[in-house]
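The values are calculated or read from the model by the stated rules, or taken from the named source; none is laboratory data. All figures in this text were calculated on a predicted structure; none of them were measured in a lab. Glycine gets a Cβ as well: all are built from the backbone with ideal geometry, and neighbour counts include every protein chain shown. Areas reflect the complete protein model, heavy atoms only, side chains present, ligands, DNA and RNA absent. Shrake-Rupley method; radii C 1.70, N 1.55, O 1.52, S 1.80 Å.
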Amino acid sequence: MKRIIAGILLSLAIAGCGGGADSSAKIIVVYSPHGRDMLRGIEEQFERAHPGVDVQSIDMGSQEILDRVRSERANPQGDVWFGAPSSLFQAAAKDSLLAPSAPTWANALDATSKDSGGLWYGTYVTPEVIAYNSEVVKPADAPKDWSDVLDPRWKGKVLIRDPLASGTMRTIFGMVMYRSLQATRDTAQGWAWLRQLDGQTKEYVLNPTLLYNKLARQEGLITLWDMPDIEELVARTKLPIGYTIPSSGTPLVIEGIAVLKGAPHAELAKQFVEYVGSTPMLTLTAQKFYRLPARTDFPGDSLPAHMRDARAQIRVEPLDWTLLEERTPDWMRYWDEHVRGRGAR
């Protein structure tokens, strides 16, 4: 029954995304957290290059995608998974949820940016940042590092995207726990930090759009999020939101793409993977949507000037991504049961 309900919901979602699409078109279904504007831009470019194809993207959180793909294992509905931290793709590969592909640009990725068996490939590298309402918070006063968010002056002024559905927040929380393990060989320090953050937090927000709007309306003044989304948001909406790159280091997340195992349109899915990682499409997503390409051969002068400057400021946080993939699910369950809403007490 759950699978039937999931299939009905997916059909309704696809119908809503497809609008007045030609019923005779070949359909490819893409699961992605990259947001409607970016997805629409890529859809239009791919459809223009592949006449007769209708790309229908379903926009949802990274963890939500993994959960959906797992639930659809016996009856796959999607063709491509486009976007999420590499740790989630590693989990999907371990669960035999992905199918191999071989894009021509795969050799331009370093070994940490792709699966050794060809099950997923890196598209973008995404730094995590501290964002703030720039109408109220001056750049000089904004938090410069993760620990600054715990300053008493931000108590009740922090907004956090619900970590259970967000790959971005899971990565940041995973960094906190990994730092604790590296410093003390124990997680107690990390849990103490997350409890303090919970005590600072006014609200756990259900989706990125709500997060942006609440931050702009000054319902909160500080949040933790990723640099490309903030860059794109400000360029598109002119909302008063700025960001700082944490001085002690930040996770540089590899965003992946993969063909889903049992994809109804596997060959089209492989073509979509090829297209997304091509130089013209990486140039488009860099210049219009502020994504930093994972390919090592991408020319730096094709990036907007301020993104080149930002990239120069990034101090990459060293993380054991395999360990994070193994431990983060348990950490998140513990956080939800024992930390969420309890830090203030």
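Observations on the model:
- Any hit, segment 159-172, residues being at pLDDT 95 or above and farther than 20 Å from residue 328 by Cα: yes
- Of the strands (runs of 3 or more DSSP E) that lie entirely inside segment 199-290, not one contains 3 or more residues that are in contact with a His (Cβ under 7 Å, 6 or more places away or on another chain) and farther than 21 Å from residue 84 by Cβ.
Here's the yes/no breakdown for (1) closer than 20 Å to residue 157 by Cβ; (2) open to solvent by 40 Å² or more (accessible area, probe 1.4 Å); (3) modelled with pLDDT of 95 or more:
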{"position": "214", "(1), (2), (3)": "yes, no, yes"}
{"position": "218", "(1), (2), (3)": "yes, yes, yes"}
{"position": "224", "(1), (2), (3)": "yes, no, yes"}
{"position": "228", "(1), (2), (3)": "no, no, no"}
{"position": "231", "(1), (2), (3)": "no, no, no"}
{"position": "237", "(1), (2), (3)": "no, yes, no"}
{"position": "241", "(1), (2), (3)": "yes, no, yes"}
{"position": "246", "(1), (2), (3)": "yes, no, yes"}
{"position": "249", "(1), (2), (3)": "no, no, yes"}
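- The residue that is farthest from the chain's Cα centre (by Cα), among those in segment 69-94 that are charged (D, E, K, R) and open to solvent by less than 50 Å² (accessible area, probe 1.4 Å), is 72.
For (1) at pLDDT below 95; (2) over 24 Å from residue 292 (Cα atoms); (3) in contact with a Ser or Thr (Cβ under 7 Å, 6 or more places away or on another chain); (4) among the small types (Gly, Ala, Ser), each residue gets a yes or a no:
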{"residue": "14", "(1), (2), (3), (4)": "yes, yes, no, no"}
{"residue": "32", "(1), (2), (3), (4)": "no, no, yes, yes"}
{"residue": "46", "(1), (2), (3), (4)": "no, no, no, no"}
{"residue": "81", "(1), (2), (3), (4)": "no, no, no, no"}
{"residue": "86", "(1), (2), (3), (4)": "yes, no, no, yes"}
{"residue": "99", "(1), (2), (3), (4)": "no, yes, no, yes"}
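- For segment 256-299, the set of residues classified as open to solvent by less than 40 Å² (accessible area, probe 1.4 Å) and β-branched (Val, Ile, Thr) consists of 257, 259, 273, 276, 283, 285, listed by residue number.
- Within segment 48-66, considering residues that are assigned to a helix (DSSP H, G or I) and either more than 20 Å from residue 260 (Cβ to Cβ) or modelled with pLDDT under 95 (or both), the one most open to solvent (accessible area, probe 1.4 Å): 48
- Number of positions in segment 191-211 that are in contact with a Ser or Thr (Cβ under 8 Å, 6 or more places away or on another chain) and aromatic (Phe, Trp, Tyr): 2
- Scanning segment 67-95 for residues that are in a helix (DSSP H, G or I) and of a type outside the set (Val, Ile, Thr) yields a count of 13.
- Applying a threshold of 7 Å to beta carbon distances and a minimum spacing of six or more residues, or different chains, the list of pairs starting in segment 32-60 at a residue that is more than 18 Å from residue 255 (Cα to Cα) and ending at one that is in a loop (DSSP other than H, G, I, E, B) reads 52/25; 53/25; 54/21; 54/22; 54/25.
- Among the residues of segment 127-167, those that are open to solvent by 20 Å² or more (accessible area, probe 1.4 Å) and of a type in the set (S, T, N, Q) comprise 134, 147.
- Residue match in segment 199-209 (condition: open to solvent by less than 30 Å² (accessible area, probe 1.4 Å), at pLDDT 90 or above, within 20 Å of the chain's Cα centre (by Cα) and not aliphatic (A, V, I, L, M)): no
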